[in-house]
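First up is the structure itself, then whatever we jot down about it.
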Amino acid sequence: MSKEKILVLDFGGQYNQLIARRVRDEKVYAEILPYTVPLEKIKDGGYKGIIFTGGPNSVYDPESPHYTEEILGIGVPVLGICYGCQLIAYMEKGEVATAPVSEYGKIELTADTGNLLFKGINKKSTVWMSHTDYISKPPAGYSVIGRTSDCPCAAMQNTEKNIYAVQFHPEVTHCEFGRQILHNFLYEVCGCKGDWVMDSFIDTTVAELREQIGNKKVILGLSGGVDSAVTAALISKAVGKQLTCVFVDHGLMRLNEGDEVESTFVKLFDMNFVRVNCGDVFLEKLKGITDPEEKRKIIGTEFYKVFWDEIKKNSSEGFFAQGTIYPDCIESGKGDADTIKTHHNKVKMPEDIKFEGVIEPLKSLFKDEVRRVGEKLGIPKELVWRQPFPGPGLGIRIIGEITEEKIGILQHADAIFREEMEKGGYADKLSQFFAVITDLRSVGVMGDHRTYERMVVLRAVTTDNFMTADWAHIPYELLAKASNRITNEVRGINRVTYDITSKPPATVEWE
Ligand code: XMP
């Protein structure tokens with residue numbers, strides 16, 4: 001495990017995770033804590049530096065998140081970003097005011113380059129701004145090191161205290177020298193050496209797992225997704241056959257996916273693999289159900305019922321492993337957003353199952369780091385780069401009642417669409433794409449015959465974070481090919497449409 005650590009102190013900004021990921025890209029481990037964390041914990045944390053994130057508030061807003069000024073005197077370098085920058089000015093008795101001109105988007109920065117933070121960047125460069133307040137008067141002891149036409153203090157420093165602050169967002173890719181600026185803070189200001197590398201993560205984690213597990217057993221639930229796959233690979237590397245993986249196939253996977261998951265794992269890793277085929281049970285439970293939330297709840301409840309029953313059968317000795325990753329564990333600096341759809345990612349263990357402990361080897365990693373570890377462990381590219389697939393599977397891509405016939409039609413149409421996207425070179429470029437089967441029937445003509453059959457919708461999106469998404473502008477030729485093939489090859493479909501709605505107002509999935 002890494003020895004150097006940076007703290008990202010979260011004041012509720014939307015880029016908190018992005019900041020931590022950028023720091024880790026520079027080979028320095030970063031962790032995120034909410035602004036409510038006590039100072040003692042920070043002092044004991046052994047951090048090489050602290051980054052204050054942005055946030056949606058004004059520092060004068062009584063509701064706005066603040067922190068005790070003492071943090072600026074504990075001898076740990078600080079970098080404030082956006083709201084974090086204004087907060088430093090406020091804490092140090094400078095002045096913050098509503099800017100006469102708010103700045104949004106790409107803005108030209110004029111920087112003094114003779115300081116540690118801006119080492120190696122151009123005097124004029126593009127930065128990314130998003131603010132309505134600004135520092136109208138820097139605090140005593142701080143000198144201005146960057147300005148824009150509407151922001152006289154776009155960056156400031158106090159070299160004695162090792163405190164730096166930037167009004168712009170160095171973590172976003174539109175910031176021309178953002179990466180260099182973060183690198184400078186980490187290496188020039190905080191004196192980091194860069195010990196966060198995936199090779200050493202694997203070696204250390206495998207050694208720790210061996211030590212923790214000893215000669216006991218471990219049970220892990222496999223979903224077919226990258227997180228549980230990489231968890232399985234790490235544990236298998238550590239303790240081989242002491243690991244049993246349980247894969248619940250609810251019959252709502254994509255075409256041949258259940259078999260592919262099974263053959264990949266059995267071939268690749270030394271472990272016991274248990275597959276529970278229970279498509280029939282799910283179909284029975286879902287009979288006559290058309291409400292999306294009800295379907296989700298039934299699938300989620302049934303899934304865990306089958307899963308825990310199987311675990312009980314395999315005995316609950318030893319350890320229970322989970323593919324939890326870092327974003328699942330972060331306590332954010334702002335409250336939870338409204339639930340739009342019920343997801344079933346968090347596993348709660350029934351009270352009558354008692355393991356010796358829970359093992360979560362990926363709980364400090366971001367998704368891109370999980371993928372890097374997966375690649376280094378030799379997991380096939382298709383699995384490591386697999387696009388997200390919802391827990392309820394095709395169940396939320398079948399509008400109306402879920403029947404065996406509709407599952408079959410959808411699997412076939414979806415496989416054709418994915419194949420054409422692959423051939424067209426779009427598979428790696430898009431975040432997610434799939435087919436949906438609707439309950440709508442329409443009139444068509446085939447040969448000389450009237451048809452009255454179902455409609456399939458193709459959906460493809462681009463997104464950074466799945467909170468918002470744009471529909472993908474894929475070529476008409478590709479859509480034409482997929483549409484032709486689907487109507488020719490899939491019985492029961494006489495119409496194909498392409499979904500051109502972004503999120504919001506739609507969501508990525510149809511249910
Ligand atoms: P929505 O439809 O909410 O989807 O815009 C955003 C992303 O989340 C995935 N998704 C799920 N993933 N369990 C999951 O593990 C779920 O219940 C679930 N519902 C949606 C969806 O595929 C997209 O990537």
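The values are calculated or read from the model by the stated rules, or taken from the named source; none is laboratory data. Remember, predicted model here, so these are calculated numbers, not experimental data. Don't worry about glycine lacking a Cβ; one is built from the backbone with ideal geometry, like all the others, and counts go over all protein chains shown. Note: areas computed on protein heavy atoms with side chains; ligands, DNA, RNA excluded. Shrake-Rupley method; radii C 1.70, N 1.55, O 1.52, S 1.80 Å.
Taking first residues from segment 247-266 that are closer than 21 Å to T403 by Cα and partners that are polar (S, T, N, Q) and surrounded by 17 or more Cβ atoms within 10 Å (Cβ to Cβ), the Cβ contacts under 9 Å between residues at least 6 apart in sequence or on separate chains come to V248/S223; M253/Q411; R254/Q411; L255/Q411; N256/Q411; E257/Q411. Scanning segment 456-475 for residues that are open to solvent by 30 Å² or more (accessible area, probe 1.4 Å), assigned to a loop (DSSP other than H, G, I, E, B) and not polar (S, T, N, Q) returns D464, F466, M467, H473, P475. When segment 423-442 is filtered for residues that are over 20 Å from R254 (Cβ atoms) and aliphatic (A, V, I, L, M), only L440 remains. Of everything in segment 299-351 that is at pLDDT below 80 and polar (S, T, N, Q), the residue that is nearest to the ligand (Cβ to nearest atom) is N345.
Annotation: E63 fulfils all but one of (1) over 14 Å from A165 (Cβ atoms); (2) in a helix (DSSP H, G or I); (3) more than 27 Å from the chain's Cα centre (by Cα); the unmet one is (2). List the number of the failed condition for L430; all other conditions in (1) within 16 Å of the ligand (Cβ to nearest atom); (2) closer than 21 Å to V261 by Cα; (3) within 20 Å of the chain's Cα centre (by Cα) hold. Here L430 meets the rest and fails (2). Somewhere in segment 68-76, is a residue over 25 Å from the mean Cα position of the chain (by Cα), closer than 19 Å to I181 by Cα and either open to solvent by less than 60 Å² (accessible area, probe 1.4 Å) or among the polar types (S, T, N, Q) (or both)? Yes, because at least one residue in segment 68-76 is over 25 Å from the mean Cα position of the chain (by Cα), closer than 19 Å to I181 by Cα and either open to solvent by less than 60 Å² (accessible area, probe 1.4 Å) or among the polar types (S, T, N, Q) (or both).
Of (1) on the phi < 0 side of the Ramachandran plot; (2) in contact with a Cys (Cβ under 8 Å, 6 or more places away or on another chain), I235 satisfies all except one. Which? Of the numbered conditions (1) on the phi < 0 side of the Ramachandran plot; (2) in contact with a Cys (Cβ under 8 Å, 6 or more places away or on another chain), the odd one out for I235 is (2). Among the residues of segment 476-501, those identified as under 30 Å from the mean Cα position of the chain (by Cα) and either open to solvent by 40 Å² or more (accessible area, probe 1.4 Å) or more than 16 Å from the ligand (Cβ to nearest atom) (or both) are L478, L479, A482, T497, Y498, I500, T501. Scanning segment 370-404 for residues that are in a helix (DSSP H, G or I), open to solvent by less than 20 Å² (accessible area, probe 1.4 Å), more than 16 Å from the ligand (Cβ to nearest atom) and at pLDDT 95 or above turns up V373, G374.
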